[in-house]
Structure formats: structure tokens, C-alpha cells
Amino acid sequence: MKDWYEKSFGEDYLLVYKHRDIEGAAREVKTMISWLDLPPGAQVLDLCCGTGRHSLALVDAGYRVTGVDLSDVLLREARRLDTKERVDWRQADMRELPLEGGFDAVVNLFTSFGYFREDGEQLKVLREIRRMLKPGGWFIIDFMNSPYVRRHLVPSSEREEEGQRIVEKRRIEGDFVIKDISISDMHGTKGTREYHERVKLYTRGRLEEMLREVGLMTDEVYGGYNEEVDYDEGRSQRMIFVGRRLQEEKA
């Protein structure tokens, strides 16, 4: 049986999330750069890069970028956008990366974390992030602000895109937020497609604890990429961890 993340990131994902634009990614990368102390030409890993919006913006900012994602559909779109072949695109599971590491920074953006049922599987991702980084290298993990999600969850929404009706229903079950997506062709030619997304609702304290467990130190937690970047548990929609891999202990 395939898990939800092996099914959901296909052609329909491009339709459901088409509102995420390249200009927005460029603005977000500009903010990220202000948080990181990276030299020109630094090596950056975009882990769970999707269609590569942020990878390409990081290249434009002067960095050498590797983009990794599990979805062949999203990587195909990333390669199409990367007309000058400036990014090293790789297909892989984020728990087991076919890379040797040595990156100056690893970024994991827009809640591309918490996909698995067990904390042990999420810890595998964090250990891979640490392994990818040089000692002292930077990481950014951009996660949803779980307390905000619990208080402000929109149970359902409906919209139309390119002749398709998209219905999204959301609920919280225990420590998980779950979204059921139904896409139906308004012209009746494609039928109805159903998808399911499930992400664990980690608190700030629990995520910081997990990061420390694998040897990653949090320097700052931000609440967004705009003016109100300071994290506020009650108001912030995002919970963006910025920190570094701990230096190796001296023998």
C-alpha cells in the first residue's frame, strides 16, 4: 500500500497548489538569505523542492543548489522551469538521501515535514538534514504553527480551477491535521479524483527537542516571511526554525 505522500504529489497537485507563484518564492528567498550567513557560491540543498520555485530563486541569488523530491511529476515540472539546467535535481526519499553532504545550508519549506505517523521516521529526516550539513552549516525548517492551525482550521472550502471543482475538507484527529481533497471535472470527462494529506501537529517545544536530539541547534524561530516575522504562538501562521549543525566535538 502506498502512503498518502506517494499518491498526492502528481498532476493534480500542480492544479490544487497553482497559486504558489515564482514571484512569491523570490520574496521568501530574499528573507531567508537575510537570516543566513552564507558566502557567495554556497552550496544549498532544497529538501522536498517540489516544482523548484525556491531552488531557482536561490540560484538567482548566487548559490549552487541541489533540489531533492520524491515526486517524479514535480521534478519534471522543476526541470521544465529550469531552462538553463542550473540546479542539480535528484529524486529521493527525504529519510534516505543519495548524497554525501557537505552543504552550507539545507532548507525544508512549506510544511514538507511531519508526513509520517511515527516520530522515529521524522527523526530520520532530521538526521539526514544534519548529515547533509557541514559542521556549523545552516538549516531552515518552515512548518505550520500547530497551535494556530488547531484554533483556526477551516473545515471546508471549494473553488474552481481550469474547469475543475476542488473541494477541500479539513479535520484534526489527535496529533494530526488531515485534509481530504476531491477534484471533479465540471465537463464530466475526467470523473472525480480523491486525495488525502496527513501531517503531524508538532509544537515548537517538541520540534526543538527533536532537533537537539539529532545535533541541530535552533537559533531563531520566525512566524513568517513578511513584516511580522517574530513568532507569536497565537497569531503566527508559520513556525520557521533557523539554526545550525553543532560543531564536531574536539577529540
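Here are some residues: Glu220, Glu228, Glu233, Glu197. Which one is under 28 Å from Asp3 (Cα atoms) and either at pLDDT below 95 or not aromatic (Phe, Trp, Tyr) (or both)? Step through it out loud before you land on a result.
Working: Glu220 fails: under 28 Å from Asp3 (Cα atoms); Glu228 fails: under 28 Å from Asp3 (Cα atoms); Glu233 fails: under 28 Å from Asp3 (Cα atoms).
The unique qualifying residue is Glu197.
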**Request:** Give the residue that is nearest to Tyr202 (Cα to Cα), with candidates limited to residues of segment 230-245 that are surrounded by fewer than 18 Cβ atoms within 10 Å (Cβ to Cβ) and over 18 Å from the mean Cα position of the chain (by Cα).
**Result:** Glu233
**Request:** Just need a number here: residues in segment 170-210 that are closer than 23 Å to Leu109 by Cα and either in contact with a Lys or Arg (Cβ under 9 Å, 6 or more places away or on another chain) or among the aromatic types (Phe, Trp, Tyr) (or both).
**Result:** 18
**Request:** Can you tell me which residue among Arg150, Arg130, Arg170 is crowded, with 18+ Cβ neighbours inside 10 Å, within 20 Å of the chain's Cα centre (by Cα) and among the basic types (Lys, Arg)?
**Result:** Arg130
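Just one of Lys190, Lys179 is outside the structural domain of Tyr17 (by TED's automatic domain parsing), at pLDDT below 95 and not hydrophobic (A, V, I, L, M, F, W, C); which is it?
Every option except Lys190 fails the conditions.
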**Asked** Looking at Tyr202, is it within 30 Å of Gly243 (Cβ to Cβ) and touching a Gly at 6+ places or on another chain (Cβ under 9 Å)?
**Response** yes
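The values are calculated or read from the model by the stated rules, or taken from the named source; none is laboratory data. What you see is a predicted model, and the numbers here were worked out from it, not measured in a lab. With ideal geometry, Cβ positions are generated from the backbone for all residues, glycine too; neighbour counts draw on all protein chains shown.
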